[in-house]
Amino acid sequence: MTLNLDDAKNTAEVLTTALPYIQRFVDKLIVVKYGGNAMTDPELESSFARDIVLLKTVGIHPVVVHGGGPQVDNLLKELGRQSDRIDGMRVTDKSTMDIVEMVLGGSVNKSIVSLINKHGGRAIGLTGKDANLIRAKKLMMEKIGNDGVAVPVDLGFVGDVVSVNKDVINMLISSDFIPVIAPLGVDKEGNTYNINADLVAGKVAEFLQAEKLMLLTNIKGVLGRDGEVVTGLTPKKVDALIEDGTISGGMIPKIQCALDAVRSGVKSAVIVDGRVPHATLLEIFTNEGVGTLISREIEA
């Protein structure tokens, strides 16, 4: 079976359009945070796995950090347990932490690894506990009371990232593996912590000085006041959008994670619409992309 002339031209154009981007990113490291709808829709799961394998095949080095909040919620519900949240953060006591670890470090992580390997990749699953990959500390959170006074809030075993053992990740990459990391960390005393996946991805990108950080999410990206996606941002522009209220609510932590990575040396960060099939490839191999790009350009 052969392509007709029009299909052949379109296919050739797509392939040649990708060439300069492949050349630009070859041998570069890209950290991808995988979560949201892309983890619960079979078609999107498959397209994501194929994207990651294709990146590795053309000489780009992807590192995957995944979430799994909905999967944790589902198991807790099956067990007849309830998990409270404060400002979107899961309150995690010891028994809840055991379930979080089982889901994120077990079923979710191994499912992603298996799917990537099914499409021809060489993925290997890790949690932040393996070889002290992610050194963590207890996350200290404050909430402003009605009287305007900051009150400390104990979220239990919810952590912040202290450091990332980049030698482990670099060893896997140099051996042609694709690291798939569950967002769990451990402190010096051996306590395990549940850590926000966006935060872990940002810190992994920062410690590895990655070329790009990609955060897959359930929205188009940062939306301007006209409802259109805003892109081509710099840290200075992001600060202005937060100040005038354009960026608000639940988008602030995600954009702050991207911003921190860029300010710490990552070349660029992008908030990507993970509901779009092959969003990862579209973001890397096209000029338009499918999200909001933040880069650390020199600002006046």
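The values are calculated or read from the model by the stated rules, or taken from the named source; none is laboratory data. From a predicted model like this one, the values you see are computed outputs, not experimental measurements. When we count neighbours, we look across all protein chains shown, and the Cβ atoms used for this are built from the backbone with ideal geometry, even at glycine. Quick note on the areas: whole protein, heavy atoms, side chains included, nothing else; ligands and nucleic acids left out. Shrake-Rupley method; radii C 1.70, N 1.55, O 1.52, S 1.80 Å.
Please compute the Kirkwood hydrodynamic radius of the range 189-228 from all pairs of different C-alpha atoms, in Å with one decimal.
One over the average 1/r among Cα pairs gives 12.8 Å for the range 189-228.
Pairing the Cα long axis of helix 5-25 with the longest principal axis of the chain, what angle in degrees results, from 0 to 90 and rounded to the nearest 10?
Relative to the chain, helix 5-25 is tipped by roughly 50 degrees.
Assuming 0.36 nm per residue, please report the length gained on full extension of the stretch residue 218 to residue 144 beyond their Cα-Cα distance.
Once the chain is fully extended between residue 218 and residue 144, it gains 23.8 nm.
D for the chain, whole µm²/s, Stokes-Einstein with Kirkwood Rh over alpha-carbon pairs at 20 °C and 1.002 mPa s: what number?
Taking Rh from Cα pairs, D becomes 107 µm²/s.
Among the lysines in the range 35-192, how many pairs, 8 or more places apart or on different chains, have alpha carbons under 15 Å apart?
Eligible lysine pairs with Cα atoms under 15 Å apart amount to 9.
Convex hull over the Cα atoms of the range 41-107, averaged projected area in nm²?
Reported value for the Cα convex hull: 5.9 nm².
Sorted by average packing, counted as other Cβ atoms within 10 angstrom per residue and highest first, what order do 146-158, 231-243 take?
Descending packing order for the listed peptides: 231-243, 146-158.
If you roll a 1.4 Å probe over the heavy atoms of the protein chains, what accessible area per residue do you get for the chain, in Å²?
49
By how many nm would the segment from residue 244 to residue 79 grow when fully extended, if each residue of separation counts as 0.36 nm and the alpha-carbon distance is taken off? List each step's numbers first, then the result.
Working: separation 165, 0.36 × 165 = 59.40 nm, distance 4.39 nm.
So the extension gain works out to 55.0 nm.
Mean projection of the alpha-carbon convex hull of the range 108-163 over all orientations, in nm²?
Taking a quarter of the hull surface, the average projection is 6.0 nm².
Springs between alpha-carbon atoms under 10 Å, Gaussian network over the chain: tell me which of 223, 79, 259 tops the mean-square fluctuations.
Highest fluctuation of the listed residues: 79.
Translational diffusion coefficient of the range 123-200 at 4 °C, 1.567 mPa s, Stokes-Einstein with Kirkwood Rh over Cα pairs, in µm²/s as a whole number.
Rounded, D is 95 µm²/s.
Can you give me the angle between helix 109-118 and the longest principal axis of the chain, using Cα atoms only, in degrees from 0 to 90, rounded to the nearest 10?
Its long axis makes an angle of about 10 degrees.
Taking the chain as a Gaussian network, where each spring joins two C-alpha atoms under 10 Å apart, which residue of 208, 76, 216 fluctuates the most?
76
Specify the angular offset, from 0 to 90 degrees and rounded to the nearest 10, of the alpha carbon long axis of helix 251-263 from the longest principal axis of the alpha carbons in the chain.
In the chain, helix 251-263 runs at an angle near 70 degrees to the longest axis.
On the protein heavy atoms, probe 1.4 angstrom, tell me the percent of accessible surface of the chain carried by carbon and sulfur.
With neighbouring chains kept in place, the figure for the chain is 53 percent.
Let me know the charge dipole size of the chain about its Cα centre in debye, to the nearest 20, where only the beta-carbon of Lys, Arg (+1) and Asp, Glu (-1) is charged.
Details: 32 positive and 38 negative charges, 125 e Å.
Using only the charged Cβ atoms, the result is roughly 600 debye.
Give, to the nearest whole percent, the P(r) tail of the range 193-300 beyond 15 angstrom, counting all Cα pairs.
Of all Cα-Cα distances in the range 193-300, 61 percent exceed 15 Å.
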